[in-house]
1. Do any helices (runs of 4 or more DSSP H) entirely within the stretch 1-89 hold 2 or more residues that are modelled with pLDDT of 85 or more and basic (Lys, Arg), and if so, which?
2. With the structure loaded, tell me whether Ile172 is in contact with a Ser or Thr (Cβ under 7 Å, 6 or more places away or on another chain), buried (at least 16 other Cβ atoms within 10 Å of the Cβ) and of a type in the set (Val, Ile, Thr) or whether it fails that test.
3. If you take the residues of the stretch 97-122 that are assigned to a strand (DSSP E or B) and surrounded by fewer than 16 Cβ atoms within 10 Å (Cβ to Cβ), which of them is modelled with the lowest pLDDT?
4. When you go through Ala121, Ala196 one by one, which is the residue that is among the small types (Gly, Ala, Ser) and either over 27 Å from Met32 (Cβ atoms) or within 15 Å of the chain's Cα centre (by Cα) (or both)?
5. Would you say Ala152 is aliphatic (A, V, I, L, M), modelled with pLDDT of 90 or more and either within 17 Å of Ile7 (Cα to Cα) or in a helix (DSSP H, G or I) (or both)?
6. Which of (1) over 24 Å from Ile26 (Cβ atoms); (2) surrounded by fewer than 21 Cβ atoms within 10 Å (Cβ to Cβ); (3) of a type in the set (D, E, K, R) does Asp188 not meet, given it meets every other one?
Amino acid sequence: MTRLLHIIASPRGRRSRSTAIARRIIQALDGMEIEELALFDVRLPAFDGAAIEGRNALIEGQDVAPEVKAEWERIGEMVDHLLGFDIWLFSVPMWNFGIPYPLKHYVDLVTQPRLAFGVDAAGNVEGMAAGRTAIIIASGALDIRPDNALEALDHQITYLAAWLNFIGVTDIRTVRIKPTFGDPAMVDPVMEAAYAEADAVARDLSRPERV
């Protein structure tokens, strides 16, 4: 059975536009195992100096030190959990041109050498998430869609896409919900367009060859 992980990076619950669009996709899917990971509701392990020393050991091809073994076992479990899903669905608001801090924390934790990616003798990176599909539902108050004047301020979708490519994901779908700031006459059409895009994504994911 196809497994989908919905990674929620908004703390706004029912008021979150990105989460509403993501759940529109989920509601249209049949025959998939769905799990939610609400990043504001979980306690992520610290990625501090001790953890970084463990990362350096991994980069050098060594085992982590005994004093950080428990922390790295937890990080390893998080990577295994993420890689255990076929589809990753991200609902992500834009915060200060980028992503909310718990999502960045999560990315920092799971993007580890020998766990999420490898580097060969020639320095080529091989991501271990190849074959997964990622869907980014990206909301934001500013209209920073491609070809708009503020496009250069997008460190939300561009960052997530670069990260996903780095760990091996090439099938990336994006639904933009922008701008979300303004009167209903401006925002309502944006939401309707996003719902329509979400419906198209759900139809594509539900095709028989994908299950």
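The values are calculated or read from the model by the stated rules, or taken from the named source; none is laboratory data. Because the structure is a prediction, the values reported are computed rather than measured. Here the Cβ is made from the backbone with ideal geometry for all residues, glycine too, and neighbour counts use every protein chain on show.
1. 17-27
2. no
3. Applying the first criterion (assigned to a strand (DSSP E or B)) to the stretch 97-122 yields 98, 113, 117-119.
Next, only the ones that are surrounded by fewer than 16 Cβ atoms within 10 Å (Cβ to Cβ) stay: 118-119.
On the way: Gly118: 91, Val119: 86.
Going through the qualifying residues, I end up with Val119.
4. Numbers: Ala196 fails: either over 27 Å from Met32 (Cβ atoms) or within 15 Å of the chain's Cα centre (by Cα) (or both).
Just one listed residue meets the conditions, Ala121.
5. Numbers: aliphatic (A, V, I, L, M): yes; modelled with pLDDT of 90 or more: no; either within 17 Å of Ile7 (Cα to Cα) or in a helix (DSSP H, G or I) (or both): yes.
Against the criterion (aliphatic (A, V, I, L, M), modelled with pLDDT of 90 or more and either within 17 Å of Ile7 (Cα to Cα) or in a helix (DSSP H, G or I) (or both)), Ala152 does not qualify.
6. Only one criterion is unmet by Asp188, namely (1).
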